[in-house]
1. Limited to segment 181-211, what total is found for residues that are farther than 17 Å from residue 136 by Cβ, free of Cβ contacts under 8 Å to residues at least 40 places away in the same chain and touching a strand residue (DSSP E or B) at 6+ places or on another chain (Cβ under 7 Å)?
2. Only one of (1) of a type in the set (A, V, I, L, M); (2) in contact (Cβ under 8 Å) with a residue 24 or more places away in the chain; (3) within 20 Å of residue 239 (Cβ to Cβ) is not met by residue 21, so which one is it?
3. Being in a helix (DSSP H, G or I), open to solvent by less than 50 Å² (accessible area, probe 1.4 Å) and not aromatic (Phe, Trp, Tyr) is the filter here; which residues of segment 291-314 pass it?
4. List pairs: first residue in segment 219-246 and under 16 Å from residue 90 (Cα atoms), second residue among the polar types (S, T, N, Q) anywhere in the structure, Cβ distance under 6 angstrom, at least six positions apart or on different chains.
5. If you check every pair at least six apart or on different chains, which have Cβ atoms under 6 Å apart with a residue in segment 358-380 that is part of a helix (DSSP H, G or I) first and a residue that is open to solvent by less than 100 Å² (accessible area, probe 1.4 Å) and of a type in the set (Gly, Ala, Ser) second?
6. Could you identify the single residue in 431, 405 that is more than 28 Å from residue 302 (Cα to Cα) and among the β-branched types (Val, Ile, Thr)?
7. Taking the residues in segment 254-288 that are small (Gly, Ala, Ser) and open to solvent by less than 50 Å² (accessible area, probe 1.4 Å) as candidates, determine which candidate is modelled with the lowest pLDDT.
Amino acid sequence: MVERVLGLLEEKKYNELKSLLESMNSADIATILGEIEDEDMTVVYRLLNKDAAAETFAFMESDLQERLISAMTDKELQDVTSKLFLDDTIALIGEMPAGIVKRILRQADPAKRKLINELLNYPSDSAGSVMTIEFVDLRENMTVAQAFDRIRQVGVNKETIYTCYALDEGRRIRGLVTAKDLMLNDQNTLISDIMEKDPVVVNTLEDKEDAVKKFDKYDLLSIPVVDQENRMVGIITIDDAVDVMKDENTEDFEKMAALNPSEDTYFRTSVFKHAKNRIVWLLALMLSATVTGLLITKYENAFAAIPLLVAFIPMLMDTGGNCGSQTSTLVIRGLAIDEIKSRDYIRVLWKEVRVAALVGTALAVVNGARILIQYKDFNMALVVGLTLICTVVISKMLGCTLPMVAKRLKLDPALMAAPLITTIVDTCSIVIYFKIAMKVMHLS
């Protein structure tokens with residue numbers, strides 16, 4: 001499709017290209033614009049009608065939006081931003097450089113600019129920061145016919161009309177009604193008779209990650225947002241909830257890989273910033289690994305007596321780290337989706353101990369058989385086997401304990417992921433290995 005678009009551009013068949021664009025989904029157009037040169041991108045974008053241009057713009061990545069805005073006239077920028085929903089405008093402003101933000105605000109009408117400034121005052125991690133104020137409000141004493149009239153009157157500029165909210169005079173939410181409810185009931189039916197009372201709500205200052213979890217728990221398409229006085233001020237829609245989930249998952253992945261989270265995309269983040277995000281944890285883990293080196297040096301007499309002991313150190317350390325990583329990944333995921341609670345610690349620990357016993361025994365038997373066949377050394381097979389069992393048990397206990405302790409301390413469980421657990425388990429496995437070896441082989 002990219003080649004076809006470029007071919008029509010090169011041949012200057014603009015009418016044919018415009019017809020092609022009109023038949024395409026806005027998300028697909030945004031993808032194509034991201035794959036062509038800036039000059040061609042601007043030409044193609046200007047062939048879109050105003051509605052399609054605004055919708056396509058909302059689907060673009062922030063770096064592509066920035067490049068396009070730089071090529072736009074003030075009139076074109078005004079046409080696009082005036083048709084963006086308010087939450088999309090807020091998201092755009094949050095990702096643009098100061099110069100472009102000034103241009104966007106300059107083109108906005110005073111009323112919209114005031115709303116933008118109000119929404120930007122909410123903390124970046126709050127539900128208020130991702131809500132939109134573009135929703136349909138009704139009164140519970142309206143009939144279905146009056147509700148439809150209200151939707152026709154104001155719905156064209158609202159982000160969603162599928163779910164409407166019944167408010168009282170003080171803008172406190174009384175209930176919600178869906179388009180399906182309205183279509184399937186008689187025109188004279190009162191909203192109060194068909195609305196869902198006491199709907200699930202979130203507060204403007206509630207953590208946005210906690211807020212979007214309710215979409216999954218209650219199977220919602222949107223959720224109302226209320227202020228400190230319980231007045232409805234906006235809604236969070238499912239598309240914004242998905243964006244929050246994606247951002248939170250990305251942040252967790254970065255923390256689990258011992259990276260400081262980056263607020264920008266991979267390509268928009270400078271080489272220096274990438275290095276800065278990685279070096280702190282790498283330094284901490286590298287320096288902590290010196291403990292393992294000191295322990296190995298401490299047992300140099302055991303190496304001198306039985307050099308074969310050295311051969312199994314990498315395998316024991318790697319196995320312990322891998323087992324801890326498996327457990328921590330499952331527990332961190334469970335905590336993230338509220339499948340596991342802090343109060344479940346004993347249950348989780350008991351389950352992981354039993355899993356570790358089975359896994360450790362299986363690994364010990366296989367390794368013991370290998371050592372007997374390869375080296376014909378029963379004592380070495382026994383030492384490695386017992387060390388494996390102990391290491392696996394300890395690593396899995398740490399893998400479930402550290403994330404749950406972090407959760408209890410109001411820290412992100414993702415901080416207690418593979419790199420940190422591996423470093424701790426390495427130290428434990430070395431100590432266990434040589435303690436067992438000195439007992440079984442009667443080393444001093």
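1. Summing the residues that are farther than 17 Å from residue 136 by Cβ, free of Cβ contacts under 8 Å to residues at least 40 places away in the same chain and touching a strand residue (DSSP E or B) at 6+ places or on another chain (Cβ under 7 Å) in segment 181-211 gives 2.
2. (3)
3. 292, 293, 295, 296, 302, 308, 309, 313
4. 234/132; 235/222; 237/160; 237/222
5. Final answer for the pair search is 364/385; 368/381; 368/385; 371/381; 372/381.
6. Exactly one of 431, 405 is more than 28 Å from residue 302 (Cα to Cα) and among the β-branched types (Val, Ile, Thr), namely 405.
7. Checking each candidate, the answer is 258.
Yes/no matrix, rows are residues, columns are (1) in contact (Cβ under 8 Å) with a residue 12 or more places away in the chain; (2) over 28 Å from residue 39 (Cβ atoms); (3) in contact with a helix residue (DSSP H, G or I) (Cβ under 6 Å, 6 or more places away or on another chain); (4) of a type in the set (Gly, Ala, Ser):
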{"site": "66", "(1), (2), (3), (4)": "yes, no, no, no"}
{"site": "69", "(1), (2), (3), (4)": "yes, no, yes, no"}
{"site": "93", "(1), (2), (3), (4)": "yes, no, yes, no"}
{"site": "106", "(1), (2), (3), (4)": "yes, no, no, no"}
{"site": "110", "(1), (2), (3), (4)": "no, yes, no, no"}
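The values are calculated or read from the model by the stated rules, or taken from the named source; none is laboratory data. Just so you know, these numbers come straight off a predicted model, no measurement behind them. Cβ: placed from backbone, ideal geometry, glycine included. Neighbour counts: every protein chain shown. Heavy atoms of the whole protein, side chains included, go into the accessibility calculation; ligands, DNA and RNA do not. Shrake-Rupley method; radii C 1.70, N 1.55, O 1.52, S 1.80 Å.
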